[in-house]
1. When you scan the stretch 193-227, how many residues do you find that are among the small types (Gly, Ala, Ser) and either in contact with a His (Cβ under 8 Å, 6 or more places away or on another chain) or touching a residue at least 24 places away in the same chain (Cβ under 8 Å) (or both)?
2. Which ranges mark the helices (runs of 4 or more DSSP H) fully within the stretch 112-227 that have 3 or more residues being within 30 Å of Leu94 (Cβ to Cβ) and open to solvent by 20 Å² or more (accessible area, probe 1.4 Å)?
3. Given the criterion without any contact (Cβ under 8 Å) to a residue 24 or more places away in the chain and closer than 20 Å to Gly124 by Cβ, identify the matching residue among Ala93, Ala75.
4. Within the stretch 5-28, work out how many residues are touching an Asp or Glu at 6+ places or on another chain (Cβ under 9 Å) and assigned to a strand (DSSP E or B).
5. Just to verify a result, which residue in the stretch 49-81, among those that are open to solvent by less than 50 Å² (accessible area, probe 1.4 Å) and part of a loop (DSSP other than H, G, I, E, B), is nearest to Val148 (Cα to Cα)?
6. Does the stretch 82-111 hold any residues that are part of a loop (DSSP other than H, G, I, E, B), open to solvent by 70 Å² or more (accessible area, probe 1.4 Å) and not hydrophobic (A, V, I, L, M, F, W, C), and which are they?
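The values are calculated or read from the model by the stated rules, or taken from the named source; none is laboratory data. Here the structure is a predicted model, which is why all the values come from computation and not from measurement. Backbone-built Cβ (ideal geometry, glycine too); neighbour counts: all protein chains shown. Quick note on the areas: whole protein, heavy atoms, side chains included, nothing else; ligands and nucleic acids left out. Shrake-Rupley method; radii C 1.70, N 1.55, O 1.52, S 1.80 Å.
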Amino acid sequence: MAITTCIFDAYGTLFDVAAAARTAAEEPGRDALKAVWTEIAEDWRLKQLQYTWLRTITGEHVPFWDVTKDGLDWALERQGLSEDLELRERLLALYWELAPFPEVPKMLAQLKAAGKTCAILSNGSPDMLEGAVDSAGIEEYLDAVLSVEEVGIFKPARAVYDMVGARFGTTPDEVLFVSSNGWDAAGAAGYGFQTVWVNRKGEPTDRLPGRPHHNLPDLSGLPELVS
């Protein structure tokens, strides 16, 4: 069946999660951050994801904003910057206005021009996602922004992927699910979606039951893939 609906993960897929630390590091007086911002960005993202998985396993769900703050606190402590509360608040503020990857607006515009339904399905809290979408200026291309807060569990739980069919009345084979997270693309493939892994770092495929159907270095080639 032809793809009618393109569903995107948000953080790391449409929005550059390293942008907050990179932007702050470029500001005057941030010499300590400038020396370690890449490590902080990587640790922040890793811990953010790890905490979603662990909370799903233990059944101790909290909004994504909570694990985002917890992940940052871990990353700052590792670099000896946990006492810089002003830096912490600046980094958290910047996370609400993450830059999209450069190809995102054009890619979404092409998909909409081709008649595709486009939406976000994200671990992000609704208010976080609203801020990111507004800041990126991509609201006009999206038919919905779906948050896991509707079901109270993080991806890759099947209940999250169920939200797509419930919202759009689609069958899984009508849906192309797009994520920069290999584990998310694998989970969606196991669910029955067609999947694209946006493998920006050229990493090996995760050894999981589901395997992404397509592997792209960025999102620019996506419209051609579904044409």
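1. Number satisfying all stated conditions: 3.
2. 126-136
3. Result of the check over Ala93, Ala75: Ala93.
4. 1
5. Val62
6. In the first step, residues of the stretch 82-111 are kept if they are part of a loop (DSSP other than H, G, I, E, B); the result is 82-84, 96-99, 101-103.
Now narrow it down to the ones that are open to solvent by 70 Å² or more (accessible area, probe 1.4 Å): 83, 96-97, 102.
Selection gives Glu83, Glu97, Pro102.
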